[in-house]
Each structure stands twice: as C-alpha cells, then as structure tokens.
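Quick notes on the structure that follows.
What follows draws every value from the coordinates through simple rules; no lab data is involved. Not measured: the values here are computed from a predicted model. In this analysis, Cβ positions are derived from the backbone assuming ideal geometry, glycine residues included, and neighbour counts consider all displayed protein chains.
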2 protein chains.
Amino acid sequence: MNGRICGIGVGIGDPEDITLKAVKMIKESDVLVCPKEDLGECRAYQIVKQVIPEVEDMDIMPVEFEMTKDENKRIHNHRRIYETVKKLVLEGKIVSFITIGDPALYSTYSYVSDLARKDGIETHSISGITSLTACANRLGISLCEGREQLHVIPTIDDIDDALDLPGTKVIMKCGKRIKTVKEKLRSKVGIDVYAISGCGTSNERCFRSLEEIPEDEIYMMTMILKSR
Amino acid sequence: MNGRICGIGVGIGDPEDITLKAVKMIKESDVLVCPKEDLGECRAYQIVKQVIPEVEDMDIMPVEFEMTKDENKRIHNHRRIYETVKKLVLEGKIVSFITIGDPALYSTYSYVSDLARKDGIETHSISGITSLTACANRLGISLCEGREQLHVIPTIDDIDDALDLPGTKVIMKCGKRIKTVKEKLRSKVGIDVYAISGCGTSNERCFRSLEEIPEDEIYMMTMILKSR
C-alpha cells in the first residue's frame, strides 16, 4: 500500500460530533500529526482521545504551526513540517493530520497538502463538523433558509464592508477584539446578534443578544449576525 | 422523559460522513420523519439505512415539503407537518427529522422547529457534514485559508453581485441553470472554477475547470469559485 497524507476533521469540541469515517481513518493511520506541541493543550487530540482511547498507543507527531505574521517564517515552518511528513509517506506510511473543524475551512493542514500535491504525493481529506453549523445548532438557530446568503468573515478587519452584505454573517474568532466588534454593531439596526464560546466543550457559553456578550477577551468566540 | 423534536444532519451522500451523535440520536428516536414521501427517493433515509439497517424496523413518518413558490401554500404545508409532529411530541415521543447536510443550513427542518419553539416545545439539533466542505474535500481543494472570506450563494439570481465579492464563492444547486452560470463566468478572470455533482454517491462527478462542466441539467451540483 502506498503512503499518503490525510487531513481529518474532528469537529470543534463535542467528541460525538466526529464522523464514522474520521474514526475509521484515524485507526488506520500509521502516524497521527497533532497541530500543537503540547498534547494536553491540543484540542483536536483531546477530542479524539475521548472517542478513541487507543490513540494514546499510536505513533503521535506533535507539530507547532507558527502563528507569526512574518510570511517567510510561516512558509518556512510549513515546509519544515511537510518535509518531515514526506519522509514518512515515502516509507509507505499513512500520515494523518487531525484538525479542528474541517480540513477545507481555515485549517493549517491545507498548507501541507498544497505542498504535497505539488510533489505528486497522494492527499485525501475527510470532512468534519465546522464551527459554522456546530455553533448555530447549539444556539438553536438556523443560519440560512431559502434564498438567504451566508458570509463567513474570518478577520474583523473586514467587518465594515461585510456588515452591509445581505443574509447571515458569521464572524470567526472575534473574541480577542470583541469590544471593537460590539461598538460597530451598536449602530446597526435589524440584526439579531448571537455568539458562542467554547462550543461543545465544558466551558461553553451562549449569548443571544449584543448586550449579553461580555467585553473581556474570549479566545474562541464565534458570532452569528442574522438579518431580521 | 419529555417529548421533543430533533433535527439530525446526515451529511450529503457518503454514509460514513454521519457523526457518532447522529447515529446515537436516530437510534434513540421514537419516530423518524423523512423529508420525502417516497422513501426509495429519500436521500436522507437511504444514507441512514446504509449505516443503521435497523432503521427499517423503526416508526417512519415520510412527509413531503412542498417546493411551491406560493408562500401561503408553503406555510400551510409546514404547519400541517408540524401539527402532526406536535401531537406525537405531546404524547412524550422523541420525533427526529433526518435532513441532508446540516439542520442549520438551508434545511426544511428549520421551518418546523421555528413553529415548535413558538409553542414552547423543546427542540434540539445535531450537526451534519454540509455540502460546502464535503464537496471541497472530495475535489481535494481547500475553501479558504487565513483571511479569505467565504460566501454561500443559494440562488443564481444573486450571482452578479456575488461574483464581485472577495474570497471564495460557493454556488449551491446551480445544476438546473448551469448554462446561465457558465455564460456569466466566461468573462471573469482570476477565478478557478470547480464543480461537483452527486458528491459522495456512486454518481459522483468532479469538474476542475469551467470547460469541463457539462451544460446539460444536473440536479444537485455545487460550484466552488476560488479567487487566484
């Protein structure tokens, strides 16, 4: 059997949100790459461990994806991780990257798979539950119905233009600059505001209006803005 | 135990894309509502049957969500379905709606749960893999990285404005009017075009350029437009 690289989405917090395919593929992998050097702090690994306790006996490779703004440093970091993985793949191993959410949506895995494809190495990815729908379902709301559009805004630098778009807006990871987001939203009318942090974990907090959202920094907060 | 209504996402085609939670919840349900009167043509039911064969012995309630443009007729249809379900819930039953993709994203389930919540009936929804990421993963591409935005456009009537948005655009269910979409895209530069139909099923077809996409009508086609 040929070696290959696999990206596996494991959802964003609730371990039971993992798919049958992800469980199967993790068990079939020779090496599991975890996107954090400290496994105790690796959310993806902690999710998997709750569902597949055998993972503790697997060959684990913790890596650190540098979150630097220096593009050269970032590219160098991705290439270093890729080169290590490539060696294993060429030995015939199945090397799987477990990733929070889905590998196709804002995952670090995609940097590695881009490099791999350029080298003609087989890649393969398995969908996971994204924060988009996990958060909406936990809040008990629908994101979109019928002809409504959905816009996903990953950085609040782009929020001004985005707020004028029709339909539902999802603002990702806005917890660190929540004060600014709240200020911008205060003048807007006709928008229902929802937010959630720690979705699916024991620290989950749901907010159903702009006023309810606290102004202290929260790491993983997703905000959903629905036009009335 | 109190009765309740549950929306369960079952993914869009590949039966192994179902989550552990969805499997568990389907098994715990008293009645399973399927969004099509003919079960043989009900994609959600066919997905579930492949993973949970016992579903054939369960109490199944097939319903037809009318796809009429007449809003009054549609509202009447939703209410009729809801009233039937409500009776069962008040008898203490767990009534689960299985739904293609995710209950929070363009599902008919949300019409019923809206009515239920207004009546104070407990609702609950379980995330499923959406066509957004399932299609991208099958095509072997990522939807977004870093600061790129994602825009989901459910009707091609809105495509002109949408094409000018930054980042990635996903055009849902564009198969029936694919000729028009292709015409509009021909004049656009700097866009990589991908499309997929029957994602995760035995009829799956992947297209990796505008030219590859056939002009004959295809029912369930998703198009992904990535800015270069």
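Quick notes on this one:
- The dipole here belongs to the protein assembly as shown: it is taken about the Cα centre, uses +1 on the Cβ of Lys and Arg and -1 on the Cβ of Asp and Glu, and is about 700 debye.
- Look at the stretch B:150-160: the mean tally of other chain Cβ atoms within 10 Å of its residues' Cβ atoms is 5.
- Charge dipole of chain B about the Cα centre (unit charges at C-beta), most positive-ward option of B:162, B:194, B:132: B:162
- Per-residue mean of foreign Cβ neighbours for A:102-113 is 6 (Cβ atoms of other chains, 10 Å radius).
- Centroid-to-centroid separation of the range A:99-159 and the range B:142-204 [C-alpha atoms, Å]: 16 Å
- Using alpha carbons only: equivalent-ellipsoid semi-axes of the protein assembly as shown, gyration tensor based, whole Å: 32, 26, 25
- Spatially proximal lysines relative to residue A:93 (Cα-Cα < 27 Å; intrachain offsets below 8 disregarded): A:21, A:24, A:27, A:36, A:49, A:118
- Net charge dipole size for the range B:4-126 [Lys, Arg +1 and Asp, Glu -1 on Cβ; Debye, nearest 20]: 460 debye
- Projecting 7 Å from Cα along the Cα-to-Cβ direction, the label point of residue A:161 sits 1.5 nm from its equivalents in the other copies, listed shortest first.
- Contact order for chain B, expressed relative to its length and based on alpha carbon pairs under 8 Å spaced 6+ residues apart, stands at 22 percent.
- Dipole of the protein assembly as shown [Lys/Arg +1, Asp/Glu -1 at C-beta], most positive-end residue of B:52, B:75, A:8: B:75
- Tensor-based shape of the range A:131-227 (alpha-carbon gyration tensor, a/c under 1.5 rounded, otherwise prolate or oblate): oblate
- Rounded to the nearest 20, the Cβ-based charge dipole of chain A about its Cα centre (Lys and Arg +1, Asp and Glu -1) stands at 440 debye.
- Centroid-to-centroid separation of the range B:70-95 and the range A:1-66 [C-alpha atoms, Å]: 41 Å
- Computed over the range B:17-134: relative contact order in percent, which uses C-alpha pairs under 8 Å that are six or more apart: 31 percent
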